[in-house]
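First comes the structure, then the notes that go with it.
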Amino acid sequence: MHIHGLIEDSAALANLCNRFANKPFVAVDTEFMRENSYWPELCLIQIADDEEAAAVDPMADGLDLTPLLHLLTENQDVLKVFHAGGQDIEIVYNLTGKTPHPLFDTQVAAMALGQGEQIGYSNLVDSYLGISIDKGARFTDWSRRPLDKRQIDYAIADVTHLSKIFPKMLDKLMKTGRGAWLDEEMERLSNPENYRNDPDAAWQRVRIPSRKADVLGRLKALARWRELEAQNKDLPRGRIVKDETLADLAGNPPRKQADLGRVRGLSSAWSSNDIGGRLVAALADAKPLSSEEMPSRDSRKPALGKDGALVADLLKLLLKIRAKEISVAARLLARSDDLEALAAGQREDLAILRGWRYEQFGRDALALVEGQLGFTVRNGKLKMTRTEETEETA
């Protein structure tokens, strides 16, 4: 494989992208820093196919990333291969408002091949290539220039390895007939809505015990205010105000700005500074949450009751058995929310009752809930049996 030097000029990048535009796939990775910022700072982009690989320096003066971003988001003929690519995809979305498509995530694919829930990249490389990755440059400050050869080699290896692993995984998926299992997951990963930071929805990430409309309305207003402050200042949300402080303020709002100096988690300066003033203004404008936005008593779980909770536990046991039998990660087969919804009586809009999940697990899960499937112990092993079979052998 031909490894290019660090690409820092627009002509070289355009030529590289022109070649990649006619390839069936490219492996992609990024290096970024975000510990001290709201927006991830893109520091390096690595890309490879089966013949050549390069690292691109997005921090180089005058470098036009347009050809590369076009390749990732507009060229539908080239499959983009990532490993655990959520944050890489987020960066592309922040730059373009679009996500790479079509895409393939090797961590998700490994779930379909029975390699665990979230296999790490180094373990994946060792499993498929028998290579132990040198982790010496893992904690590099990628924003510092110049980058030395060891750092660049370390970064490029991520995509050169990935470009060799992908065809092997694809071959396994085709042989096992599990390629179609991944279509829904890959589409979900590439959905732009997953990466849109909507200030009006930020409150949903903050834990708060209250379900009162006025309290949640204040939380919504405060979370929106914090999101905009963090974006404008390019600081992590927690550097503005921590979640627990937002929840306290929503539940016990100050009457005036001077009271902010007595709020745990805020300094005394907030009682008179500009940001404190903006916080108080956000509270003053808060309105009770509308009935349409109000969460259920527990938006994450249906009303199970004691019997339903026992059924959910049985479904989780069934899931473990089936996942082991067909060698697939349980999380790819079904999520706890779906199991609890099924146990509570829901039958509509459940992924486990559609497509391949229904064939591999959902049919038996439904049979268990409806009393047509049970568990027996044979030769010291837990087995599933149809109730008719149990009755005949009783």
Pairs, first of a type in the set (Lys, Arg) in the stretch 322-350, second modelled with pLDDT of 90 or more, C-beta under 6 Å, six or more apart: 322/361
Set 36, 22, 75, 18: member being at pLDDT below 95, of a type outside the set (Phe, Trp, Tyr) and either surrounded by fewer than 14 Cβ atoms within 10 Å (Cβ to Cβ) or closer than 23 Å to residue 109 by Cα (or both): 36
Qualifying residue in the stretch 218-239 (condition: more than 24 Å from the chain's Cα centre (by Cα) and exposed (fewer than 15 other Cβ atoms within 10 Å of the Cβ)): yes
Enumeration of residues in the stretch 178-208 that are exposed (fewer than 13 other Cβ atoms within 10 Å of the Cβ) and touching a helix residue (DSSP H, G or I) at 6+ places or on another chain (Cβ under 8 Å): 180, 188, 196, 200, 205, 207
All positions within the stretch 167-195 that are over 20 Å from the mean Cα position of the chain (by Cα) and not small (Gly, Ala, Ser): 167, 168, 169, 170, 171, 172, 173, 174, 175, 176, 178
Residues of the stretch 176-221 classified as in a helix (DSSP H, G or I) and farther than 30 Å from residue 241 by Cα, total: 11
Conditions (1) in the same structural domain as residue 37 (by TED's automatic domain parsing); (2) surrounded by fewer than 15 Cβ atoms within 10 Å (Cβ to Cβ): number failed by residue 256: (1)
Single match in 128, 195 (criterion: under 28 Å from residue 59 (Cα atoms) and of a type in the set (Phe, Trp, Tyr)): 195
Yes/no for residue 141 being farther than 25 Å from residue 329 by Cα, among the charged types (D, E, K, R), surrounded by fewer than 20 Cβ atoms within 10 Å (Cβ to Cβ) and touching a strand residue (DSSP E or B) at 6+ places or on another chain (Cβ under 8 Å): yes
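Let's see how each residue does on (1) modelled with pLDDT under 95; (2) closer than 22 Å to residue 205 by Cα:
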{"site": "243", "(1), (2)": "no, yes"}
{"site": "258", "(1), (2)": "no, no"}
{"site": "261", "(1), (2)": "yes, no"}
{"site": "272", "(1), (2)": "no, no"}
{"site": "291", "(1), (2)": "yes, yes"}
{"site": "295", "(1), (2)": "yes, yes"}
Selection from the stretch 114-136 of residues that are touching a Lys or Arg at 6+ places or on another chain (Cβ under 6 Å) and either part of a loop (DSSP other than H, G, I, E, B) or of a type in the set (D, E, K, R) (or both): 117
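Every residue, every condition in (1) of a type in the set (Phe, Trp, Tyr); (2) modelled with pLDDT of 95 or more, yes or no:
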| site | (1), (2) |
| --- | --- |
| 139 | yes, no |
| 154 | yes, no |
| 163 | no, yes |
| 178 | no, no |
| 191 | no, yes |
| 205 | no, no |
| 216 | no, yes |
| 222 | no, yes |
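Here is a yes/no grid of residues against (1) among the basic types (Lys, Arg); (2) surrounded by 14 or more Cβ atoms within 10 Å (Cβ to Cβ); (3) free of Cβ contacts under 8 Å to residues at least 12 places away in the same chain:
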| residue | (1), (2), (3) |
| --- | --- |
| 50 | no, yes, no |
| 61 | no, no, yes |
| 91 | no, yes, no |
| 99 | no, yes, no |
| 118 | no, no, no |
Helices (runs of 4 or more DSSP H) (entirely within the stretch 311-394) containing at least 1 residues that are out of contact with any Cys (no Cβ under 8 Å at 6 or more places or on another chain) and closer than 28 Å to residue 176 by Cα: 330-333, 336-343, 363-369
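The values are calculated or read from the model by the stated rules, or taken from the named source; none is laboratory data. Remember, predicted model here, so these are calculated numbers, not experimental data. Cβ coordinates were reconstructed from backbone atoms using ideal geometry, including for glycine residues, and neighbour counts include every protein chain displayed.
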